[in-house]
Structures are given as structure tokens and as C-alpha cells.
1. Compute the FRET efficiency between Ala61 and Ser28 as 1/(1 + (r/R0)^6), taking r as their Cβ-Cβ distance and R0 = 22 Å, and round to the nearest 0.05.
2. If we count every other residue with Cβ under 13 angstrom of Thr91's Cβ, Lys/Arg +1 and Asp/Glu -1, where does the sum land?
3. Would you please give the FRET efficiency between Val5 and Ser120, computed as 1/(1 + (r/R0)^6) with r the Cβ-Cβ distance and R0 = 30 Å, to the nearest 0.05?
4. Once you place label points 7 Å from the Cα toward the Cβ at Gln13 and Asn74, how far apart are they in nm?
5. Distance between Cα centroids, the stretch 82-120 to the stretch 3-78: provide it in whole Å.
6. Per-residue ellipticity at 222 nm for the chain, helices alone: DSSP H runs ≥ 4 residues times -39500 (n - 2.57), over residue total, nearest 500 deg cm²/dmol?
7. For Leu105 and Ser52, calculate 0.36 nm times their separation in residues minus their Cα-Cα distance, and state this gained length in nm to one decimal.
Amino acid sequence: EVQLVESGGGSVQPGGSLRLSCVPSAFSVSDSSMSWVRQAPGEGLEWVSSISIGGISTSYADSVKGRFTILEDNAKNTLYLQMDSLKPEDTAVYFCGRGYGSGVLTSGSWGQGTRVTVSS
């Protein structure tokens, strides 16, 4: 049974933008802290961003701070990651899941992921 579905990835040039979506089926994003993590080719999981219950707080990895924005639309029960000023080093498969902060890397459960490729 699919619990989380990520979408919105694709190929863009450096400096471009993408908006990733995450749709859970078993819970409401408004009732849970949520995170995005990513896995670059040949690398382990890297925590990217989190949003607290009710969207009260957000947090970002230093590598994406100022370029990415995490947000949620409760009416659509969808979590988003708005990615601007993309760099080649952002190339990775992006996953969403419940939880807040980098600790989710050891305890999280993720969807199937959506692939982002940034190249010229």
C-alpha cells in the first residue's frame, strides 16, 4: 500500500526552479511534522528541510538555506518543496516523510522519491 507519493522532479539548468510535491494517504500533513531528505548518486541520505506541526516552524540544511522553501497546503493535504536557484550539487532523488530535523535520517520512513537533475 502506497503511503507517500513524491512528484514534481525533472531536469533543469543551473539557476532554474522546481516544485516538489508529497501526498500522504494515511495521515494529514497538518497533524504531523514533515521533512524532505535527498540522496545524491553514490551518497547516503541527506536531510534537507523540515516543517513543524501546523507549520509553526521550518528548518533547512545549510546547503539549501535561502534557496529552498518548505510549505504545505492543508486543503490538498500536500507537502511541497519549492526549489529555486538550483545547483548541480542539488542533483538527487528527493524523499518526503514524517518527522522533524536531521534525526529523521535514522528513523524516517520515506516514499518512492522523485528525481531531480540539475545540469547544463
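Here, each number is a calculation from the coordinates, and none is a lab measurement. Fair warning: this is a prediction, and the values are worked out from it, not measured in the lab. Using ideal geometry, Cβ is built from the backbone for each residue, glycine included, and neighbour counts are taken over all protein chains shown.
1. 0.30
2. In short, -1.
3. Calculated transfer efficiency: 0.50.
4. Result: 4.1 nm between the two label points.
5. That distance is 7 Å.
6. Estimated from H runs of four or more residues: -500 deg cm²/dmol.
7. So the chain would gain 17.5 nm between Leu105 and Ser52.
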